[in-house]
Each structure stands twice: as structure tokens, then as C-alpha cells.
């Protein structure tokens, strides 16, 4: 997770946060999280980078996290909870 940009991390969170993992739904979630439209020319290359790094799986125009991506998001969430003193 340390070698991802903030936007790439936000893309992972968006992929994890949608029930329907089509590109349109990921785009809507990301736009909502970013509080505005994200540029296609920025979004798509970053999603492609996540595929190349094994954090996102792309099959039949659907986006889903790989086990690696899921583990990294969970580990990051746990670190954030510890930093702010929130217990599960």
C-alpha cells in the first residue's frame, strides 16, 4: 500500500465500496468520494496500474479487489483505527 498514490488508494476503496462492480458504478463511487467528477484520463490508467500490481482483478468489465488488495485495505483500516484509538 505504501507504493500507491493517494488516488490509487481511493480507487481501491471505491472498488471495495460498490455492490455492482461495473466501471460505471466504480466511477460513480469514486466521484462521490472525491466530491466531484474524476477525469476518465486519470481514473482508467490508475485502475490499470492496480491490475498490474495485483490489487485489482478485471474480468468481463467488472472490477473487484484481489485477495491482496483486500488484505492491504484491511491492514490500512486497522492502522488508522489504532492511530485514532478506535477499537473494533
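Throughout, read-outs are computed from the coordinates displayed, never taken from laboratory work. Please read these numbers as outputs of a predicted model, since none were measured by experiment. Heads up, the Cβs are rebuilt from the backbone with ideal geometry, glycines too, and the neighbour counts pull from every protein chain shown.
A few remarks follow.
- Additional length obtainable on full extension of the chain from residue 82 to residue 42, 0.36 nm per residue less Cα span: 11.2 nm
- Residue exposure sequence - 63, 40 - by fewest surrounding Cβ within 10 Å: 40, 63
- Gyration tensor (alpha-carbon) shape descriptor, the chain, a/c threshold 1.5: prolate
- Sum of -39500 (n - 2.57) over DSSP H runs of 4+, divided by residues of the chain (222 nm, nearest 500): -19500 deg cm²/dmol
- On the basis of the beta-carbon distance and an R0 of 25 Å, residue 64 and residue 2 show a calculated FRET efficiency of 0.65.
- Relative contact order of the chain: 30 percent, from C-alpha pairs under 8 Å at least 6 residues apart in sequence.
- Here the label points at residue 32 and residue 49, each 7 Å from Cα along the C-beta direction, are separated by 2.5 nm in the simple model.
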